[in-house]
Amino acid sequence: MKRTSNILIVAALAGGAFLASCGNKGAHHRKPGKIYVPDMYESRAYEFYNPRLASLKPVDGTVKRGAMLPYHLKAEDTAQANLVKNPLVLDEAGLKDGKRYYDIYCGVCHGQKLDGNGPLYKGGDGPYPAAPASMLTGKVLGYTEGRIFHVITYGYNVMGSYASQLDIEQRWKVVGYIKTMQNGGKAPEAAPAAPAADSAATTAATPAPAVAAAH
Amino acid sequence: MTGPALAGVEDRWADKKLLHSWIRNSAAVLKSGDKYANDLFNQYNKLPMTSFPALTDANIDDILAYVSAEAAKPVGGAKAADGATAGADGKEDGGNSLLFGIITLILAIVAVILMQINSNLNKLAAEKEGHERMEPVPFYKNKAYIALCIVLLFVVGGYFTIQGAIGLGRQQDYMPEQPIFYSHKVHAGINQINCLYCHSSAEKSKHAMIPSENVCMNCHKAITEYTGPDLFTAEGKKVNGTAEIQKLYDHIGWDKDAQRYTKPATPIEWTKIHSLPDHVYFNHSQHVNAGKVQCQTCHGEIQNMDEVKQFADLSMGWCVNCHRTTQVQFASNNYYSIFEKLHNDMKSGKVDSVTVEMVGGTECQKCHY
């Protein structure tokens, strides 16, 4: 009886000490600690973070289910790009999406008020050295929606391409939002109702508001 | 943190009318570009305040009067209550096991004392009655003591064994050194870059995605040196931010003086921190889009972390607890439109809110299949 309990105690203490030492305790937890059955943790399946498969591009000539058809113009085809029309007809929800994407991906430089003064530039106080373009004044006012889409897709000057962050549909929603804001002034709620006539610089037709998005 | 303490709110807002419109519809005030309002909004993680269009000016004045009356009261009671809740929130688990430990210890001491008293009384009684007493057994040979020690050691050893076994494979607080000292505090905190700017897949796919280097270069084509506050590693070593940006250039072969790519790129091998085993299905887009869960709920205050550590233990209990208590935004959410019975129950008032569990969030095969 006594021998059994002695063995039990020793086993319990040794087991406890062993298992406790396997944890990830220690200075700042720089080590991940031990794992049990590692093949369940280090995925061998077709997973995104698998080191052998990271950063793969989609197979050429394929289109993701539910996605819009690819944009075939090359970076230098700017003349053709100017003529491209927004394939989406954006309703209020679509414009709201566009605003959200703009605020996240564009607003950080171009300003959530579209004034070219986002938190990265901050009137020259931010870390970004070059002044981003304002969407509401200057040359961008003269851009067609196709041109804006092209710039988002391929970048322009120091601005990089946003094609990897925004898919085609998202990019067109952003374009629709920018165009609406250029036409409708500062209040986004009032924008869909505002006529396009007051903007002399705009050559492209504005997306007709309040019609359900169709694609 | 949901927002600032309300005490003294009237002193902080110079314009009373503006304060009224802020309470009624904060989004409109933010849009008008009021600086104080926007700073406040940014300071509190851009969580919008619910708008209360139904409140009249008189209602709001009543609320403000109540706030200032409460603020004028001595702070002692409120402070203590604050401290208590904060303590309870912060260390619920640790507090409980400590409490149990102390109780066990006290009971053990009481038991030993009682046994001592008992044996003393026995001894006295025996002497009184004139019985011949046996020679007292030395304590290390006393079977009662030995049994007690065995039980104690067994309990302690067992506790560590079980805790250790449960902790196998859990990596809470894991904070590996990354190949480049990328500070989320600088990017998401100080420079207010939205999480989705880099982790744009979090609302589109199962994975939140480590951004490819072209996303870094969107800004770092132009930002070649670090000028913000000093950076330190968790060990307290100072980090040269400009040199860390140079590491990025070295990886992708960018020549910052010539402003073009000159060398072939090599991938940056970031160390993965959050690791879910293969037998668990987790989808970011579902949580971000349908669930409207903030990144910080599971990843902690990322915008304040120079080096990221694993905030949650990612245990099944942690998942399930959240699924049991979290109320989904059930109404006007397309994702839940098929739950007809629950919608009807909501309408008839049978249930007033729907948790993740009620829409099947704790069924085994939702995550394990």
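Just so you know, in the stretch B:185-198 the residues that are of a type outside the set (A, V, I, L, M) and either free of Cβ contacts under 8 Å to residues at least 60 places away in the same chain or not in a loop (DSSP other than H, G, I, E, B) (or both) include one that is farthest from A:Y101 (Cα to Cα), and it is B:K185.
Among the residues of the stretch B:145-168, none qualifies, meaning not one is within 20 Å of B:E213 (Cα to Cα) and of a type in the set (S, T, N, Q).
Rundown of residues vs (1) in contact (Cβ under 8 Å) with a residue 60 or more places away in the chain; (2) out of contact with any Lys or Arg (no Cβ under 7 Å at 6 or more places or on another chain); (3) under 30 Å from B:C367 (Cβ atoms), yes/no style:
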position: B:H207; (1), (2), (3): yes, yes, yes
position: B:I210; (1), (2), (3): yes, yes, yes
position: B:Y226; (1), (2), (3): no, yes, no
position: B:L248; (1), (2), (3): yes, yes, no
position: B:Y261; (1), (2), (3): no, yes, no
position: B:H287; (1), (2), (3): no, yes, yes
position: B:T297; (1), (2), (3): no, yes, yes
position: B:E301; (1), (2), (3): no, yes, yes
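Under the condition of being under 30 Å from A:R65 (Cβ atoms) and outside any helix (DSSP H, G or I), the residues counted in the stretch B:199-233 number 10. Please work out if B:I23 is surrounded by 16 or more Cβ atoms within 10 Å (Cβ to Cβ) and touching a His at 6+ places or on another chain (Cβ under 7 Å). No. Taking the conditions (1) touching a Pro at 6+ places or on another chain (Cβ under 9 Å); (2) more than 21 Å from B:K272 (Cβ to Cβ); (3) within 7 Å of chain A (Cβ to nearest Cβ) in turn, B:T224 satisfies each one other than (3). Picking from A:P132, A:P87, A:P127, which residue would you name as being within 11 Å of chain B (Cβ to nearest Cβ), over 25 Å from B:V29 (Cβ atoms), assigned to a loop (DSSP other than H, G, I, E, B) and in contact (Cβ under 8 Å) with a residue 12 or more places away in the chain? Answer to the check: A:P132. Output yes when any residue across the stretch A:76-84 is within 12 Å of chain B (Cβ to nearest Cβ) and modelled with pLDDT of 75 or more, and no when none is. The answer is no, given that none of the residues of the stretch A:76-84 is within 12 Å of chain B (Cβ to nearest Cβ) and modelled with pLDDT of 75 or more. Condition first: at the interface with another protein chain (Cβ under 9 Å from one of its Cβ atoms) and either within 25 Å of A:R100 (Cβ to Cβ) or in contact (Cβ under 8 Å) with a residue 24 or more places away in the chain (or both). Now tell me which residues in the stretch B:268-279 satisfy that. Across the stretch B:268-279, the qualifying residues are B:E269, B:T271, B:I273, B:S275, B:L276, B:P277, B:H279. Looking across B:G291, B:G241, one residue alone is in contact with a strand residue (DSSP E or B) (Cβ under 7 Å, 6 or more places away or on another chain), of a type outside the set (V, I, T) and surrounded by 14 or more Cβ atoms within 10 Å (Cβ to Cβ). It is B:G241. Here the stretch B:234-270 is the region considered, the condition is being assigned to a strand (DSSP E or B) and not hydroxyl-bearing (S, T, Y), and the residue that is farthest from B:N214 (Cα to Cα) is B:K238. Within the stretch A:135-152, how many residues turn out to be over 20 Å from A:W172 (Cβ atoms) and assigned to a helix (DSSP H, G or I)? Summing the residues that are over 20 Å from A:W172 (Cβ atoms) and assigned to a helix (DSSP H, G or I) in the stretch A:135-152 gives 2. Residue count for the stretch B:120-147 satisfying the condition of being without any contact (Cβ under 8 Å) to a residue 12 or more places away in the chain and within 14 Å of chain A (Cβ to nearest Cβ): 7.
Candidates B:E357, B:E301: the one that is within 27 Å of B:H220 (Cα to Cα), of a type in the set (D, E, K, R) and within 21 Å of the chain's Cα centre (by Cα) is B:E301. Applying the condition of being more than 19 Å from B:D278 (Cα to Cα) and charged (D, E, K, R) to the stretch B:165-220 and asking which residue is nearest to the other protein chains (Cβ to nearest Cβ) yields B:D173.
The values are calculated or read from the model by the stated rules, or taken from the named source; none is laboratory data. Remember, it's a predicted structure, so these values are computed and weren't measured experimentally. So basically every Cβ, Gly included, is an ideal-geometry build from the backbone, and we count neighbours across all protein chains shown.
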